[in-house]
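What follows is a short report on a single structure.
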Amino acid sequence: MAIYLEDSYVKDFEADITAATKNYVALDRTSFYPHSGVQPSDTGILINRNEKFNVLVVEVSNKEIVHITDRAGLSKGDKVHGCIDWDRRYKFMRSHTACHIRSAVIYRDTGAKITGNQIDLDRSRIDFNLENFERDLMRNYIEEANQIIEEDRPVRIKFTPLAEAIQIPDLMRLAIEMPEREETRIIEINGLDMQACGGTHVKRTGEVKKLLMVKTENKGKANRRIYFSLEG
């Protein structure tokens, strides 16, 4: 069970180990977010009988979330207490939500679709297809995004049956990997955007604080890139 899909704010949890090979561990439930093409994995610790194991990377392997620890020592059937690195997670939550806001503003104003995202601790980027590339316009889009952030709009998680989800226009506009489920997980920013997404997000846009434009790049015909960071 991926706890983060329903609640990105769960910082620690109890779980049973369902499989363990050397330093590769699977759990029956976890709050650790696995690496995707967009968002890096969480890090943190697993505690068993007062013994700590550092979680270095979390991945999806054969549809199972696998925690890679700094050493072996855990076994199938062990009970563990998991703690994620909350500062790291929360920065990714803010940045991922910022990507949705920024992408929605660009799409609303230009119709340009997002061709790629990458979230990181220091800065993140958004790639999109747009013929006209003016840096002043990019700054305007940042200002529009910051206005939405200041409005402190609710950000909701919804699960919708696939048959209904595919009827929602542009729901799959962002290229984000999601775990296979019977329902589609949707991130809705009130009055702005709905996107299918498996990542972690804040509950209100105000938590993002403020977007700061780092630089822009022209990556070729109709392929543009914006780097941004977050204030605070």
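The values are calculated or read from the model by the stated rules, or taken from the named source; none is laboratory data. Keep in mind it's a predicted model, so treat the numbers as computed, not measured. Cβ sites come from the backbone with ideal geometry, for glycine too, and all protein chains shown count toward neighbours.
Tabulated results
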read-out	value
Close pairs from region 101-115: first under 16 Å from Ile148 (Cβ atoms), partner among the β-branched types (Val, Ile, Thr) and surrounded by fewer than 21 Cβ atoms within 10 Å (Cβ to Cβ), Cβ under 8 Å, at least 6 apart	Ile101/Ile189; Arg102/Ile142; Ala104/Ile189
Region 181-206: number of residues that are polar (S, T, N, Q), in a loop (DSSP other than H, G, I, E, B) and either closer than 10 Å to Arg153 by Cβ or not assigned by TED's automatic domain parsing to the domain that holds Pro161 (or both)	1
Scope region 78-103; condition more than 14 Å from Ile45 (Cα to Cα) and either of a type in the set (Ser, Thr, Tyr) or part of a strand (DSSP E or B) (or both); matching residues	Tyr90, Ser95, Thr97, Ser103
Residue match in region 55-64 (condition: buried (at least 21 other Cβ atoms within 10 Å of the Cβ) and either more than 21 Å from the chain's Cα centre (by Cα) or not in a strand (DSSP E or B) (or both))	no
Exclusive hit being among the aliphatic types (A, V, I, L, M), more than 24 Å from Asp7 (Cα to Cα) and touching a Ser or Thr at 6+ places or on another chain (Cβ under 6 Å), set Ile114, Ile142, Ile119	Ile114
Condition check for Ser75: of a type in the set (S, T, N, Q), in contact with a strand residue (DSSP E or B) (Cβ under 9 Å, 6 or more places away or on another chain) and part of a loop (DSSP other than H, G, I, E, B)	yes
Test result for Arg156, in the same structural domain as Ile187 (by TED's automatic domain parsing), modelled with pLDDT of 95 or more, in a strand (DSSP E or B) and surrounded by fewer than 21 Cβ atoms within 10 Å (Cβ to Cβ)	yes
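Rundown of residues vs (1) touching a helix residue (DSSP H, G or I) at 6+ places or on another chain (Cβ under 6 Å); (2) at pLDDT below 90; (3) not charged (D, E, K, R), yes/no style:
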residue	(1), (2), (3)
Glu164	no, yes, no
Glu188	no, no, no
Ala196	no, yes, yes
Val202	yes, no, yes
Val214	no, no, yes
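Matching residues to (1) under 22 Å from Asp87 (Cα atoms); (2) within 22 Å of the chain's Cα centre (by Cα); (3) assigned to a loop (DSSP other than H, G, I, E, B):
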position	(1), (2), (3)
Tyr9	yes, yes, yes
Asp16	no, no, no
Ala19	no, no, no
Phe32	yes, yes, yes
His35	yes, yes, yes
Pro40	yes, yes, yes
Ile47	yes, no, no
